[in-house]
1. Quick test of your reading of the structure: residue 126 fulfils all but one of (1) surrounded by fewer than 16 Cβ atoms within 10 Å (Cβ to Cβ); (2) assigned to a helix (DSSP H, G or I). Name the failing condition by number.
2. If you check residue 60 against the conditions, is it under 23 Å from the mean Cα position of the chain (by Cα), modelled with pLDDT of 75 or more and within 23 Å of residue 196 (Cβ to Cβ)?
3. Only residues that are surrounded by 21 or more Cβ atoms within 10 Å (Cβ to Cβ) and either modelled with pLDDT of 95 or more or assigned to a helix (DSSP H, G or I) (or both): list them for the range 101-119, please.
4. If you check 142, 197, which single one turns out to be over 26 Å from residue 31 (Cβ atoms), at pLDDT 90 or above, touching a helix residue (DSSP H, G or I) at 6+ places or on another chain (Cβ under 7 Å) and crowded, with 17+ Cβ neighbours inside 10 Å?
5. Does residue 137 meet the test of being in a helix (DSSP H, G or I) and either over 20 Å from residue 20 (Cα atoms) or in contact (Cβ under 8 Å) with a residue 40 or more places away in the chain (or both)?
6. For residues that are under 26 Å from residue 95 (Cβ atoms) and not in a helix (DSSP H, G or I), tally how many sit in the range 169-209.
């Protein structure tokens, strides 16, 4: 049966790197929720920078580990896909945060808190799915987590559609509507990145169960 421990030899180090990568994604999503719900942004932006720096270092370590380990092409493809997908979550979150910092003054009264909470919950599920990799690729718990992730994605889609009526039909500020739409779409993309990680984990389990 396929095992990350087989791929990486000593195993635990690389399980840990993937789990730390998922944790960095979770921390960045939590920081984003804090950013849109708290007034003092300075320490939160510092937390983003720290999470992104850590994620970059972890991604590099995993890539280096693949180079220095004997793996089949298929196994390498799985791990590279997982590493890349995890890397993109905090990257997407950071992009939202940078734009939000610039335009927040134009978007007062716009509620991003509930939507960023969906993202944070999605990263929680991602971290749990990554944690399942060291537990023997059990299909039942991974399937339950995958279902939960899809449910959160659907919830996020519904919540992202809800403000559009107000923005386009009831607002006379076209610039405000456009800025808000851009941020909502960035949130949607970040949630999609969580889905991508879940799909990769689930496909690995299916192929090797």
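The values are calculated or read from the model by the stated rules, or taken from the named source; none is laboratory data. These figures come from a predicted structure and were not determined experimentally. Methodologically, a virtual Cβ is constructed for each residue, glycine included, from the backbone with ideal geometry; neighbour enumeration extends over all protein chains shown.
1. (1)
2. Taking the combined requirement at face value, the residue satisfies it.
3. Passing the criteria: 115, 116, 118, 119.
4. So the residue among 142, 197 that is over 26 Å from residue 31 (Cβ atoms), at pLDDT 90 or above, touching a helix residue (DSSP H, G or I) at 6+ places or on another chain (Cβ under 7 Å) and crowded, with 17+ Cβ neighbours inside 10 Å is 142.
5. Working: in a helix (DSSP H, G or I): no; either over 20 Å from residue 20 (Cα atoms) or in contact (Cβ under 8 Å) with a residue 40 or more places away in the chain (or both): yes.
So residue 137 does not fit the description; no.
6. Within the range 169-209, residues that are under 26 Å from residue 95 (Cβ atoms) and not in a helix (DSSP H, G or I) number 2.
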